[in-house]
1. Helix 92-103 sits at what angle to the longest principal axis of the chain, using alpha carbons and giving 0 to 90 degrees rounded to 10?
2. Distances over 20 Å make up what percent of all Cα-Cα pairs in segment 282-381?
3. For a quick size check, give me the Cα extents of segment 235-287 along its three principal axes, largest first, whole Å.
4. First compute the accessible area of segment 116-158 with a 1.4 Å probe, then give the percent of it belonging to carbon and sulfur atoms.
5. Under the rule a/c < 1.5 gives rounded, and otherwise a/b versus b/c splits prolate from oblate, where does segment 147-244 land using the Cα gyration tensor?
6. With every protein chain kept in the model, how would you rank Trp366, Trp192 by accessible area, 1.4 Å probe, largest at the top?
7. Over 32 Å between C-alpha atoms is what I'm after, so list which of Lys269/Lys391; Lys177/Lys365; Lys125/Lys394; Lys2/Lys147; Lys180/Lys365 land there.
8. Points 7 angstrom from Cα along the Cβ direction at Ala397 and Asp321: gap in nanometres?
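The values are calculated or read from the model by the stated rules, or taken from the named source; none is laboratory data. What you are looking at is a predicted structure, and each value in this text was computed from that prediction instead of being measured. Cβ: placed from backbone, ideal geometry, glycine included. Neighbour counts: every protein chain shown. Quick note on the areas: whole protein, heavy atoms, side chains included, nothing else; ligands and nucleic acids left out. Shrake-Rupley method; radii C 1.70, N 1.55, O 1.52, S 1.80 Å.
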Amino acid sequence: MKKDTKIIRSGRHPFAHSGMVNTPIYRSSTILFPSQEAYHDAENGRVYYETDNFTSSPDYSYGTSGTPTSFALRQALADLDGVKHALIYPSGLAAICLTLNALLQSGDHILITDSIYGPTRRFCKQELKRFGVETTYYDPMIGQGIKDLIQPNTKIIFTEAPGSLTFEVQDIPAITKVAKAHEIITLMDNSWATPLFFNPFEHGIDIAIQAGTKYINGHSDVLMGVVTCNDEFLFGKLISTYRHYGACPSPDDCYLAARGLRTLSVRLKQHEQNALALAKWLQSQKQVTKILHPAFEDCAGHDIWKRDFKGSTGLFSIVLDRHYNESEVSAFINGLEYFGIGASWGGYESLLIHITPSYVRSATKWSEPNTVLRLYVGLEDVEDLKADLEKAFKRIAK
Ligand SMILES: *Cc1c(COP(=O)(O)O)cnc(C)c1O
């Protein structure tokens with residue numbers, strides 16, 4: 001089955017649900033059993049979970065371990081990455097933190113790209129440190145040079161490509177090759193590309209993470225995290241921690257995310273096309289000096305993107321021709337009609353924020369003195385978006 005067909009078919013069993021096209025919302029805390037023996041078996045099943053041998057066959061024992069609504073979504077997400085297992089969490093950040101929590105212990109060391117999603121860095125700096133785990137950040141363009149940073153206690157290499165805010169594309173195959181030789185687990189935050197434009201597992205990654213909040217759901221109304229993997233041992237660890245924390249999303253959110261997922265492919269292609277068109281136009285504007293978009297040559301790792309990725313999506317940044325002061329930045333942003341001002345992305349609507357990459361760097365230096373804006377290009381008509389930005393550039397023109 002091709003990917004576009006998989007997105008439509010996976011995790012749907014209409015005739016198990018009276019012919020309903022979408023798996024209905026099953027709400028339950030308590031799940032009843034027909035007999036003492038059946039309940040007892042399910043209880044044993046729960047003990048079994050805590051070993052490393054859990055398989056993801058549906059086990060309806062209590063609401064936190066899932067309902068047909070959540071199992072359907074997990075199945076679809078695992079299929080999309082072409083792996084056996086998927087877990088879903090109440091947010092992307094929860095998925096990241098609980099994955100790290102599941103795999104690390106006091107005395108361990110983790111290597112993280114300097115271009116990592118900001119709140120992941122905050123978690124490592126404060127929570128992991130509190131638990132006695134040491135973090136080292138690496139240059140996203142390090143490639144196989146990562147081998148020089150490995151310590152005897154290095155457990156995880158955490159990648160994200162392209163990087164948050166600045167979009168450096170990492171050489172994932174080079175990094176996973178080194179990691180494998182040293183028996184280090186590799187993680188990738190794949191929220192930007194989704195499994196449609198980059199399959200982490202085909203490039204050697206052990207565990208992939210996505211903010212389901214973004215493209216999977218795609219409508220700015222659900223928070224969700226997704227973790228996928230193929231390895232039974234790692235999955236055993238992930239699900240064990242998942243259950244210790246009771247970190248389940250609501251059935252309503254699972255339903256919405258599954259509904260959003262069905263149109264992921266068409267939405268993503270349109271985001272790609274709109275973002276490319278807008279970025280090309282921006283490139284020709286005199287107040288723009290750099291396009292930090294993996295499909296453009298200004299972007300670090302552009303050649304790696306061409307080699308490894310199947311497409312680009314709606315999020316990128318631009319560098320302006322000088323440093324604009326606060327009131328100029330406000331004049332630019334406050335007058336925008338179609339670009340919303342807000343965190344997150346992945347919905348159908350465009351967004352624009354002012355960013356300061358130097359605040360979230362430690363291994364590398366962000367030496368760009370000029371103003372940087374991050375754009376998220378939604379599904380509006382690109383001509384309207386251009387006109388909106390054209391007016392904004394006029395507002396800050398000298
Ligand atoms: C938004 C985001 C997350 C976190 O997702 P939430 O659901 O908002 O917690 C993680 N990684 C990346 C790259 C993101 O952009």
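1. Taking the Cα atoms of the chain, the angle to 92-103 is about 60 degrees.
2. Details: 2167 of 4950 pairs.
Percentage above 20 Å: 44.
3. Rounded to whole Å, the extents work out to 54, 24, 18 Å.
4. On the way: 1180 of 2310 Å².
Taking all protein chains in place, segment 116-158 shows 51 percent carbon and sulfur surface.
5. Working: a/c = 2.07, a/b = 1.28, b/c = 1.61.
Oblate is the answer for segment 147-244, as a/c is 1.5 or above yet b/c matches or exceeds a/b.
6. Numbers: Trp366 55, Trp192 10 Å².
Sorted by accessible area, descending: Trp366, Trp192.
7. Numbers: Lys269/Lys391 27 Å; Lys177/Lys365 26 Å; Lys125/Lys394 41 Å; Lys2/Lys147 36 Å; Lys180/Lys365 29 Å.
With Cα atoms farther than 32 Å apart: Lys125/Lys394; Lys2/Lys147.
8. Between Ala397 and Asp321, the label points sit 1.0 nm apart.
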